[in-house]
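Have a look at the structure below, then the notes.
The values are calculated or read from the model by the stated rules, or taken from the named source; none is laboratory data. The structure displayed is predicted, hence computed values, not measured ones. Quick reminder, even Gly has a Cβ in these numbers, built from the backbone with ideal geometry, and neighbours come from all protein chains shown.
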Amino acid sequence: MPKFPFLFYCCACGQPNELKPDVPLAPNIKPLNVECSNCGDKTHVILSACPKCKNAFQFFLSDLDFPEEMKRLAETYVKLIAGIRDSLSDHIAEFNVPVPKRWTHLLECNCGHQYNVEIPLPQLD
Ligand SMILES: [Zn+2]
Ligand SMILES: [Zn+2]
């Protein structure tokens, strides 16, 4: 994994925080919980490097732990479908509901390369 120096300015107090995280190449992502060294404010950052030039990365800032929230929502959905399926098992032979395998998001790097980042989602058993 390439390491990138990353200067992060706190959204709450403006304090620069210097980080050197390992960043995986897309479509893999690395969620990071950044805590400001000055005020302790926490921000979730998602890191991913361009698979072509490998020397740039994109990030999102959010108050939510986005990948976790996404997985939790998907899990609720999957459980709901499984519940419906099980309650209908005496009445229908086959039950098929398409469930998305992953959340994807298209990014464009400074080098011009477009690529997807992905979060794998829980599946129906
Ligand atoms: Zn701060
Ligand atoms: Zn690139």
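Any residue in the range 61-74 that is in contact (Cβ under 8 Å) with a residue 60 or more places away in the chain, out of contact with any Gly (no Cβ under 9 Å at 6 or more places or on another chain) and assigned to a strand (DSSP E or B)? Scanning the range 61-74, I find no residue that is in contact (Cβ under 8 Å) with a residue 60 or more places away in the chain, out of contact with any Gly (no Cβ under 9 Å at 6 or more places or on another chain) and assigned to a strand (DSSP E or B), so the answer is no. For residue 52, the test of being in contact with a His (Cβ under 9 Å, 6 or more places away or on another chain), within 26 Å of residue 7 (Cβ to Cβ) and not small (Gly, Ala, Ser) is passed.
Of the residues making up the range 62-71, none is among the aromatic types (Phe, Trp, Tyr), in contact with a Cys (Cβ under 9 Å, 6 or more places away or on another chain) and closer than 23 Å to residue 119 by Cβ. Selection within the range 42-60: residues that are modelled with pLDDT under 85 and in a loop (DSSP other than H, G, I, E, B). The member of this set that is nearest to residue 108 (Cα to Cα) is 56.
Among residues of the range 13-41 that are more than 15 Å from residue 118 (Cα to Cα) and assigned to a strand (DSSP E or B), those with a beta-carbon under 8 Å from a residue that is within 16 Å of ligand 1 (Cβ to nearest atom) and β-branched (Val, Ile, Thr) at least six positions away or on a different chain give the pairs 17/34; 19/34; 32/45; 33/43; 33/45; 34/43; 34/45. Scanning the range 97-125 for residues that are touching a helix residue (DSSP H, G or I) at 6+ places or on another chain (Cβ under 9 Å) and not in a strand (DSSP E or B) gives 97, 99, 100, 121, 122, 123, 124, 125. In the set 55, 17, only one residue is over 28 Å from residue 101 (Cα atoms) and within 15 Å of ligand 2 (Cβ to nearest atom); that residue is 55.
Among residues of the range 72-110 being out of contact with any Asp or Glu (no Cβ under 7 Å at 6 or more places or on another chain) and of a type in the set (Val, Ile, Thr), the one that is surrounded by the fewest Cβ atoms within 10 Å (Cβ to Cβ) is 92. Quickly run through the range 44-71 and pick out the residues that are within 16 Å of ligand 1 (Cβ to nearest atom) and buried (at least 18 other Cβ atoms within 10 Å of the Cβ). The answer is 44, 45.
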